[in-house]
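Student: The structure that follows is given in the form of structure tokens.
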Amino acid sequence: MMYDDTIAAVATPPGEGGIGIVRISGKDALSVLERIFVPVRPGRWKPYRMRYGHVVDGAGARVDEALAVFMRGPRSFTAEDTVEISVHGGPLVVERVLQQALAAGARAANPGEFTMRAFLNGRIDLTQVEATLDIITARTTTALALAEAQLGGWLSHELRRIRDLLMDPLAYCTALVDFPEDEVEPQDVETPLTAAVQALDTLVATAEQGIIYRQGARATLVGRPNAGKSSLLNALLRIDRAIVTPIPGTTRDTLEETANLEGVPVVLTDTAGIVESVDPVERLGVERSRQAVALADLLLLVVEGASQPVDDDREIVALTRDKRTVLIVNKIDLIDGTDAVQECMAFLKCAYENLRGVPFDATVAVSALTGQGLDMLGATVARLLLGVSSPADGRLVTNVRHRDALARAATHARDALDSFRRGVSPDLVAVDLTAAINAIGEVTGEAVGDDLLHAIFSRFCIGK
């Protein structure tokens, strides 16, 4: 579909910058441009060719010098006539240029409306829409690469292939039902259905990793006061985010920051030392630490070498019993020699596992002060969160909505295959096949309602 009105918005982030861009899209985009932009060299507008000139107000007074380009639909992002005006990036300048566009006949765009027009006009499908948002919000290079691959259309192409595998069996079953008096030529149903089920299962199996790369995971540092949790947080972040002093109990509240560990965005939570206290502030900090433990996908139990009795950590260790946990032996720079470090690690691992009652998922020795062992720690955390190594081609399902819809599609396709093999009536097989195809359509946008579209596009910023 094509819209009847023309929209405009600032397409660059708020704040000061070298350049600010005002984007205009719709059937009157060029006429709006001609009303507010005066090129230095007069002449007709040629699509996709940048021109230098000035933005002017209704009285002809200059607002700013600018560069402008006109893109004729459907060869534009929205598949409509589109204009982009590049001006100086001061907030006041950009806002004044936008106001000229609105005064010349454009309407202020809603959040995500440019991308929604691209979707509704068939320029991109819903998987590419969501990939656009993922590119904007990516926090690691791996997440960015996955989003760019999805924007490139690999998932759309794969889902079209799976849909085609399901369509022929559906047509065959429908023919058997609609034309019972005719002799419908037998058709191989099992082969395409089996291939479709396998392909859907493969996609769903990648989702656990993909969602972690896209959304991140939570890892909480726990341990007694002065074990070095805050120093370790700073070392992993490579910035001094948490206050560190030799005084036990410096951290009295939880502190969260995101670290890039082997391409995985991990929200690291530094916690107050979990100890008994009569101090009401410290007790509140301990309670928040317990809440952070409950929310964590992975716990990082930080201990300070062999300098303090293990039994003093009994309460802390008990909190880790039902969670995946890495035992981190910190401050190994205070231990002389590699053999001594290994002996210390072996002793603490045995002692803490006896206290815990179950083995740790991994044990790592580090020095937050010197950085020794930090790379190993980052790789260990990423491995435990991801489970297995990622496919080399980066083809992962990264969206919870996609995963859930594809899981339903796989279930319906598998039910259809089982029913066909058992000789169930073709009309019942067709019901499952139709449900599988509709579930795939929810991912690509071929079978979605207005409520879902609103939920997706409302997350976009204005101007995108």
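Student: Has the stretch 83-94 got any residue that is closer than 13 Å to G463 by Cβ and either in a helix (DSSP H, G or I) or free of Cβ contacts under 8 Å to residues at least 24 places away in the same chain (or both)?
Tutor: Within the stretch 83-94, the subset closer than 13 Å to G463 by Cβ is 84-85, 94.
Adding the requirement that they be either in a helix (DSSP H, G or I) or free of Cβ contacts under 8 Å to residues at least 24 places away in the same chain (or both) leaves 94.
There is at least one residue in the stretch 83-94 that is closer than 13 Å to G463 by Cβ and either in a helix (DSSP H, G or I) or free of Cβ contacts under 8 Å to residues at least 24 places away in the same chain (or both).
Student: Identify the residue in the stretch 1-58 that is among the aromatic types (F, W, Y) and surrounded by fewer than 19 Cβ atoms within 10 Å (Cβ to Cβ) and, among all such residues, is nearest to T115 (Cα to Cα).
Tutor: Filtering the stretch 1-58 down to residues among the aromatic types (F, W, Y) leaves 3, 37, 45, 48, 52.
Within this subset, residues satisfying the condition of being surrounded by fewer than 19 Cβ atoms within 10 Å (Cβ to Cβ) are 3, 45, 48, 52.
Values: Y3: 13, W45: 25, Y48: 20, Y52: 27 Å.
In this case the residue turns out to be Y3.
Student: Name the strands (runs of 3 or more DSSP E) wholly within the stretch 1-51 that hold at least 2 residues that are under 27 Å from the mean Cα position of the chain (by Cα)?
Tutor: On the way: elements: 7-10, 19-25, 37-39.
In the stretch 1-51, the matching strands (runs of 3 or more DSSP E) lie at 7-10, 19-25.
Student: I'd like the residue in the stretch 291-331 that is surrounded by 15 or more Cβ atoms within 10 Å (Cβ to Cβ) and basic (K, R) and, out of all such residues, is modelled with the highest pLDDT.
Tutor: R324
Student: Look at G273 and say whether it is modelled with pLDDT under 75 and in a helix (DSSP H, G or I). If you could, list the steps in order and put the result at the bottom.
Tutor: Numbers: modelled with pLDDT under 75: yes; in a helix (DSSP H, G or I): no.
Considered against the rule, which asks whether it is modelled with pLDDT under 75 and in a helix (DSSP H, G or I), G273 comes out as no.
Student: Can you find a residue in the stretch 228-242 that is acidic (D, E) and at pLDDT 85 or above?
Tutor: Here is the first cut: in the stretch 228-242, the residues acidic (D, E) are 240.
Pick out the ones that are also at pLDDT 85 or above and you get none.
Checked the stretch 228-242: no residue is acidic (D, E) and at pLDDT 85 or above.
Student: For the stretch 357-464, which helices (runs of 4 or more DSSP H) that fit wholly inside it have 1 or more residues that are in contact with a strand residue (DSSP E or B) (Cβ under 9 Å, 6 or more places away or on another chain) and outside the structural domain of T141 (by TED's automatic domain parsing)?
Tutor: Values: elements: 374-386, 400-421, 426-444, 450-457.
Where helices (runs of 4 or more DSSP H) fall fully within the stretch 357-464 and carry at least 1 residues being in contact with a strand residue (DSSP E or B) (Cβ under 9 Å, 6 or more places away or on another chain) and outside the structural domain of T141 (by TED's automatic domain parsing), they are 374-386.
Student: Return the total of residues in the stretch 139-149 being of a type in the set (A, V, I, L, M, F, W, C) and either surrounded by 20 or more Cβ atoms within 10 Å (Cβ to Cβ) or free of Cβ contacts under 8 Å to residues at least 24 places away in the same chain (or both).
Tutor: Keep residues of the stretch 139-149 that are of a type in the set (A, V, I, L, M, F, W, C), which gives 143-147, 149.
Right, trim to either surrounded by 20 or more Cβ atoms within 10 Å (Cβ to Cβ) or free of Cβ contacts under 8 Å to residues at least 24 places away in the same chain (or both) and you get 143-144, 146-147.
The total comes to 4.
Student: With the requirement that a residue be loosely packed, with under 15 Cβ neighbours inside 10 Å and touching a Phe, Trp or Tyr at 6+ places or on another chain (Cβ under 7 Å), what does the stretch 59-73 give you?
Tutor: Answer for the stretch 59-73, where residues must be loosely packed, with under 15 Cβ neighbours inside 10 Å and touching a Phe, Trp or Tyr at 6+ places or on another chain (Cβ under 7 Å): there is none.
Student: Within the stretch 159-184, how many residues turn out to be within 21 Å of the chain's Cα centre (by Cα) and surrounded by fewer than 17 Cβ atoms within 10 Å (Cβ to Cβ)? Before you say what the answer is, go through the steps one by one.
Tutor: Residues of the stretch 159-184 within 21 Å of the chain's Cα centre (by Cα): 159.
Restricting the remaining residues to those that are surrounded by fewer than 17 Cβ atoms within 10 Å (Cβ to Cβ) gives none.
Residues that pass the stated criteria total 0.
Student: Need a quick list: helices (runs of 4 or more DSSP H) entirely within the stretch 129-218 having at least 1 residues that are touching a Ser or Thr at 6+ places or on another chain (Cβ under 7 Å).
Tutor: On the way: elements: 141-151, 154-178, 190-205, 207-215.
Those helices (runs of 4 or more DSSP H) span 141-151, 154-178, 207-215.
Student: Further, regarding this structure: Quick check on my filter: what residues within the stretch 185-204 are surrounded by fewer than 17 Cβ atoms within 10 Å (Cβ to Cβ) and modelled with pLDDT of 90 or more?
Tutor: So the first thing to find is which residues in the stretch 185-204 are surrounded by fewer than 17 Cβ atoms within 10 Å (Cβ to Cβ), and the list is 185-188, 190-191, 194-195, 198, 201-202.
Scanning the stretch 185-204 gives E190, T191, T194, A195, Q198, D201, T202.
Student: Could you list, in sequence order, all residues of the stretch 109-128 that are assigned to a loop (DSSP other than H, G, I, E, B) and either surrounded by fewer than 23 Cβ atoms within 10 Å (Cβ to Cβ) or in contact with a helix residue (DSSP H, G or I) (Cβ under 6 Å, 6 or more places away or on another chain) (or both)? Explain how you work it out, then say what you get.
Tutor: Step one: of the stretch 109-128, the residues assigned to a loop (DSSP other than H, G, I, E, B) are 109-112, 121-125.
Across the stretch 109-128, the qualifying residues are N110, P111, G112, N121, G122, R123, I124, D125.
Student: While we're looking at this one, here's another question. Taking the options D312, D336, name whichever one is part of a loop (DSSP other than H, G, I, E, B) and more than 35 Å from the chain's Cα centre (by Cα). Steps first, answer last, please.
Tutor: Numbers: D312 fails: part of a loop (DSSP other than H, G, I, E, B).
It is D336.
Student: What is the residue count in the stretch 98-124 for residues that are at pLDDT 95 or above and farther than 30 Å from R62 by Cβ?
Tutor: So the count comes out to 0.
The values are calculated or read from the model by the stated rules, or taken from the named source; none is laboratory data. Computed from a predicted model, the values in this text were never measured in an experiment. Note that we place each Cβ from the backbone using ideal geometry, even for glycine, and neighbour counts take in every protein chain shown.
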